[in-house]
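Just so it is clear, none of the values below were taken in a lab; they were calculated from the coordinates. Here the structure is a predicted model, which is why all the values come from computation and not from measurement. Reconstructed Cβ throughout: ideal geometry from the backbone, glycine too, with neighbour counts over all protein chains shown.
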Amino acid sequence: MQLTIEYCNTCNYRPMAASLAMLVKRETGLDALLSGSRNTGAFEVRLDEELIFSKLETNAFPEQGEIVRALKERIRKE
């Protein structure tokens, strides 16, 4: 399983992406690939190319617990 967190470089969302990656690793064991984006405002979370969360679509940041719960559900289904 490949977890990718794409974040906006311009907006300096990297610290938030890194924080989420550490929480996900602790809670699920998944390592996240952090990917800087030129897409202004991006904070996109994908598991094996499946979009789990999109700030571009919701115009809001995810709650970290929400992401962890969604990932745990996907892992259980595998």
>> So in region 25-46, with the set limited to residues that are in a helix (DSSP H, G or I) and out of contact with any helix residue (DSSP H, G or I) (no Cβ under 6 Å at 6 or more places or on another chain), which one is surrounded by the most Cβ atoms within 10 Å (Cβ to Cβ)?
In response: LYS25
> So which pairs qualify, if the first residue must be in region 25-43 and at positive phi, the second must be among the acidic types (Asp, Glu), the Cβ gap must be under 6 Å, and the two must be at least 6 apart or on different chains?
Replying inline: none
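With respect to VAL68, determine if the residue is touching a residue at least 12 places away in the same chain (Cβ under 8 Å), at negative phi and in contact with an Asp or Glu (Cβ under 8 Å, 6 or more places away or on another chain). Step through it out loud before you land on a result.
Values: touching a residue at least 12 places away in the same chain (Cβ under 8 Å): yes; at negative phi: yes; in contact with an Asp or Glu (Cβ under 8 Å, 6 or more places away or on another chain): yes.
The answer is yes for VAL68.
Out of the residues in region 47-73 meeting the condition of being in a helix (DSSP H, G or I) and within 11 Å of the chain's Cα centre (by Cα), tell me which one is nearest to MET16 (Cα to Cα).
GLN64
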> Restricting attention to region 1-8, does a residue exist that is surrounded by 13 or more Cβ atoms within 10 Å (Cβ to Cβ), outside any loop (DSSP other than H, G, I, E, B) and among the acidic types (Asp, Glu)?
Replying inline: yes
> Across region 15-24, which residue is surrounded by the most Cβ atoms within 10 Å (Cβ to Cβ) among those that are within 16 Å of SER37 (Cβ to Cβ) and either out of contact with any helix residue (DSSP H, G or I) (no Cβ under 8 Å at 6 or more places or on another chain) or acidic (Asp, Glu) (or both)?
Replying inline: ALA17
>> Can you tell me which condition ASN12 does not meet? The list is (1) surrounded by fewer than 17 Cβ atoms within 10 Å (Cβ to Cβ); (2) assigned to a helix (DSSP H, G or I), and all the others hold.
In response: (2)
>> Out of MET16, MET22, I need the residue that is touching a residue at least 24 places away in the same chain (Cβ under 8 Å) and of a type outside the set (S, T, N, Q). Which one?
In response: MET16
>> Just to be sure before I move on: is LEU51 without any contact (Cβ under 8 Å) to a residue 12 or more places away in the chain, exposed (fewer than 14 other Cβ atoms within 10 Å of the Cβ) and either on the phi < 0 side of the Ramachandran plot or of a type outside the set (Lys, Arg) (or both) in the structure I sent?
In response: yes
